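The values are calculated or read from the model by the stated rules, or taken from the named source; none is laboratory data. The structure displayed is predicted, hence computed values, not measured ones. Backbone-built Cβ (ideal geometry, glycine too); neighbour counts: all protein chains shown. All accessible areas refer to the heavy atoms of the entire protein, side chains included, with ligands and DNA or RNA removed. Shrake-Rupley method; radii C 1.70, N 1.55, O 1.52, S 1.80 Å.
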Amino acid sequence: MDDLVKIFNGKRVLVTGDTGFKGSWLSLWLHELGAKVLGYALPPERENDHFNLIKLNKIIKHINGDIRNFNRLKKACDSFKPEFIFHLAAQALVSVSYAEAKRTFDTNIGGSVNILEIARLSGYLRTLVYITSDKCYKNKELTRGYCESDELGGRDPYSASKASAEMVFAAYNNSFFTEKKSFGAASTRAGNVIGGGDWSSDRIVPDCIKALQDNKPIVLRRPEATRPWQHVLEPLSGYLTLATMLYNNPRKYSDSWNFGPSGKDIKTVKDVAEKIVFYWGKGKIRIQRPKNYFYESTLLHLNCSKAAKILRWSAKWGFERSIKETALWYKSVFEGNPALAMTRKQIQMYMAAKNDRRR
């Protein structure tokens with residue numbers, strides 16, 4: 001992790017979506033590395049979102065803005081002149097994409113086009129890390145992990161928007177970015193992430209924590225659904241590692257990359273709930289299958305051998321450690337401890353850790 005400090009210390013870094021769960025963790029991590037961070041995003045949705053809990057607006061510079069507004073976004077970029085952009089701003093929920101399909105497509109495709117266009121026009125930007133989702137792959141319920149060369153697609157609005165965002169990225173990369181000799185751009189795909197400070201609806205960990213805090217049973221609608229669970233710091237470490245590679249050798253690493261845990265970390269929703277109850281110290285689980293619910297894949301797993309072989313990146317924390325740190329973060333904050341201190345502690349632990357594959 002020493003290479004990260006060498007690269008980011010003193011650098012100007014723009015993070016779109018810094019008010020979101022992953023974006024707030026990444027922005028704080030970059031600040032801890034010595035970067036000059038500008039966050040650009042819509043205001044946080046909830047009072048107890050991670051951004052608010054750690055008071056990130058007092059740590060980094062933040063602009064309330066919509067990435068769908070090209071002129072305002074470009075003005076902010078031209079003023080700040082970032083050397084790095086991490087693009088995370090998105091409508092990130094499958095369930096919301098059914099209720100607000102147009103906003104999902106406008107944000108995830110149109111907003112991403114705005115970022116790519118700014119990258120094409122700018123002379124100051126050195127590195128773009130363009131985050132999409134594991135749901136960009138056409139899901140065929142395969143038991144093997146999806147590789148970067150697999151077919152893109154999606155049957156729900158969210159997945160389709162992310163597949164489209166990847167296709168737009170490839171078009172810009174092939175048509176424009178190859179001509180920019182000192183500029184590197186890569187897209188990244190990561191699976192389900194967990195960690196402290198996520199309060200989004202229809203996510204298993206926030207739902208578990210809310211139930212535990214209210215002394216109510218955890219209700220599971222699809223207990224058998226599996227995901228490759230990983231702590232939020234895992235893919236973020238992949239994004240940061242990739243950014244350093246792009247900065248030093250832009251042409252070699254300008255491509256698409258998967259970041260996720262090993263196949264051993266594919267666990268069911270019920271496994272997650274049971275572990276959270278264990279580390280919380282109490283709680284009950286109830287299965288309640290709805291008669292009608294929106295489509296959501298039951299199996300989705302990424303093959304990350306490309307990142308392991310070429311970037312020398314792999315996940316550090318196994319399923320057990322990821323659940324443990326997540327549950328303890330929420331429990332600590334629930335008991336009155338500062339969220340910022342807990343977040344910083346976990347970032348420092350992660351940076352100091354070697355790969356922990358214990359279960």
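Observations
- Antiparallel DSSP beta bridges within the chain, as percent of all bridges there, nearest 5: 10 percent
- Per DSSP, loop GluC sites (Glu not before Pro) in segment 136-197 with at most 15 further Cβ within 10 Å: Glu141, Glu151
- Helix-only CD estimate at 222 nm, as mean residue ellipticity for the chain, using -39500 (n - 2.57) per DSSP H run (n ≥ 4): -12000 deg cm²/dmol
- Probe 1.4 Å, accessible area per residue of segment 222-289, Å²: 40 Å²
- Low-density loop cleavage sites - GluC sites (Glu not before Pro) in segment 21-114, where at most 11 other Cβ are within 10 Å (DSSP): Glu47
- Set Lys74/Lys180; Lys36/Lys324; Lys140/Lys264 screened for pairs whose C-alpha atoms are more than 23 Å apart: Lys36/Lys324
- Sparsely packed trypsin sites (Lys or Arg not before Pro) within segment 143-248, loop by DSSP, other Cβ within 10 Å at most 12: Arg144, Arg155, Lys181
- In terms of overall dimensions, the C-alpha atoms belonging to the chain reach 56, 42, 38 Å along their principal axes, ordered largest to smallest.
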